[in-house]
Amino acid sequence: MKSKSASSKESFSKIILYTSVGFLLGLVSYFLIKIISVVIIISLVIGVAASWQRKKYSR
C-alpha cells in the first residue's frame, strides 16, 4: 500500500508531465498554424501575380 505522500508526489509528477506535454503540443500547433498561414499567403500572392501577368500579356 502506498503512503499518502508518495501518492501525492506521483500525482504531482503526472500533473507536471501532462501540463508540459500539453504546452509542447500547443507550441507545436501554434508554429504549424503560423507556417501554414505563411505558405497560404505566399501562394495567394504568387497566384495574383501570375494572374496579373496573364492579363498584361493577353492584351
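The values are calculated or read from the model by the stated rules, or taken from the named source; none is laboratory data. Quantities reported herein were computed from a predicted structural model and do not represent experimental measurements.
Kindly indicate whether any position in segment 1-9 is in a helix (DSSP H, G or I), among the small types (G, A, S) and modelled with pLDDT of 90 or more. No, the conditions are met nowhere in segment 1-9.
Go through segment 22-59 and give me each residue that's among the basic types (K, R) and modelled with pLDDT under 95.
As a first pass, look at segment 22-59 and keep what is among the basic types (K, R): 34, 54-56, 59.
Those that are among the basic types (K, R) and modelled with pLDDT under 95: R54, K55, K56, R59.
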